[in-house]
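Worksheet for the structure shown next.
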Amino acid sequence: MDTKLDKIDLAIIKSLMKDGRKSFRQVGREIKVSTPTVESHFSKMKGLGIIENVEPILNIDRIEGQVISIMVSSKTDPLKSVDIANRLSMIPEVRDVYLITGNYNVLVKVSITKSHEHIEEFVREKIATIDGIKSVSYQVIAKTIKDSQSIQINAGISVKMNCDYCENDILQEAKSLEIGHQFKRYFCCNSCLTLYKQKYKGRIEAAAAVSKSIKPKIISKEYLWHKFYYHIDSYHDF
Ligand SMILES: [Zn+2]
């Protein structure tokens, strides 16, 4: 699916980036379109996965000492990188997942609400044990200078989506699957959705169970390697 963002889409995104708590009515007044227009453009962008969520952005510095962020690089079996990245995405503490070039294949950003001594344990038990990961290395983020999901956007920007199961372009309205409260996957058709559910049944259920049991928590700001997402989120339920 190759969909162009129009001027109204952009105006809505920009307005919500300033304050995600605004109502559709307030956004409409600000950008001079009707409330139903805002609503329909917003639903379209949500349906396409361009807007993943609108949530308050947590200033991690304000809760420093309670939340620690680390960057974990993993060397993996190249044939398993995508599968490993998907598994890492399902760990609630994992915020961003990237496939990278160079000495390491997968890079993740993790935020944990635990003391320093638990980092080692977390990396060892939750990450290093994943099948196909050969070695891991991590750095603790000492201070966040800038952490922005914002990108410079212009009217006419194209949004291209690939199916999370077959990886083909999504040509029609995407079918989506919400996993826990963490993230969504998008599919080209119902059969890919069903096959994905079957393949990752255990992990999907585990993610759902974790979502129910842990609150408050940092929600993932997920960037998938093959997708161009536009996210306005950071945390929820505080
Ligand atoms: Zn598909």
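Read-outs throughout are calculated quantities, based only on the coordinates presented, and are distinct from any laboratory measurement. The structure presented is a predicted model; accordingly, all values stated were derived computationally and were not measured. Heads up, the Cβs are rebuilt from the backbone with ideal geometry, glycines too, and the neighbour counts pull from every protein chain shown.
Extension gain, Glu205 to Glu178, is 8.6 nm, computed as 0.36 nm per intervening residue step minus the present C-alpha separation. Taking the average, over residues, of other Cβ atoms within 10 Å as the packing measure, peptides 129-137, 104-112 rank 104-112, 129-137 from highest down.
Provide the gained length on full extension for the span Lys146 to Leu99, in nm with one decimal, where the gain is 0.36 nm per separating residue minus the Cα-Cα distance.
14.8 nm
At q = 0.15, 0.21 Å⁻¹ the log10 of I(q)/I(0) for the range 60-140 amounts to -0.48, -0.89, computed by Debye summation with a single uniform scatterer per C-alpha, solvent ignored. In the range 1-56, inverting the average of 1/r over every pair of distinct C-alpha atoms gives 11.2 Å as the Kirkwood radius.
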